[in-house]
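Just so it is clear, none of the values below were taken in a lab; they were calculated from the coordinates. This one's a predicted model, so the numbers in the text were calculated from it and none came from an experiment. No Cβ is skipped: glycine too gets one built from the backbone with ideal geometry, and neighbour counts run over all protein chains shown.
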Amino acid sequence: MQLGLKATVFAVPVALLMLAAAYYYLGQEREAAWERGYQAAQAESAAQLAAMQHRQSQQQLQLQMAAAARSASAERQYLAQTRQLNHQIEQLQEQLNDALIDQPDCRFGARWVQHYSAALGLPVVDTADRAGSHDADTAAAASAATLLQHAQRYGHWCRSAVQQLTALQRLIRAHQIRAHREAP
């Protein structure tokens with residue numbers, strides 16, 4: 001029995017030592033598993049963060065592209081409107097030059113009065129060659145005076161139209177500058 005007691009005394013510490021080793025090994029395994037889980041969670045968080053940053057950069061890129069497209073579209077519209085306004089201003093300037101009676105290159109002379117009279121259906125009177133009766137001279141003078149008055153009114157209208165178009169062109173330019181400054 002003594003031998004059995006010695007074997008039991010010897011077996012208990014070995015069993016305790018093996019049990020302690022098993023707990024230690026299980027603790028190491030648990031710690032390693034926890035470390036692997038922590039690293040996996042960190043990797044997943046990093047992947048989610050990278051995905052969010054990628055989405056944000058894609059959204060920012062899309063916003064920048066949309067802003068650039070809007071800016072380019074606004075610039076094209078501005079240039080088209082500027083060309084159109086410049087063309088209208090040139091046309092009105094030509095009409096204005098025609099309407100300025102006191103200018104030497106004015107087209108509202110005697111020949112113009114004849115053509116304009118014909119276009120309006122008025123009797124055509126040759127104001128350059130007034131050979132005829134006194135009544136014909138009076139009618140020609142009255143017709144020419146009426147047409148001249150109409151031409152002066154037309155000249156005033158042309159000048160005001162040119163001023164309005166110039167103001168509109170300045171307004172468009174100011175709007176384009178403001179839009180360019182506000183663009184990202």
If you stretched the chain out fully between Arg36 and Gln169, how much longer would it get, using 0.36 nm times the residue separation minus the C-alpha to C-alpha distance? 40.9 nm
Describe numerically, in nm with one decimal, the distance between label points set 7 Å from Cα along Cα→Cβ at Ala72 and at Leu85. 2.4
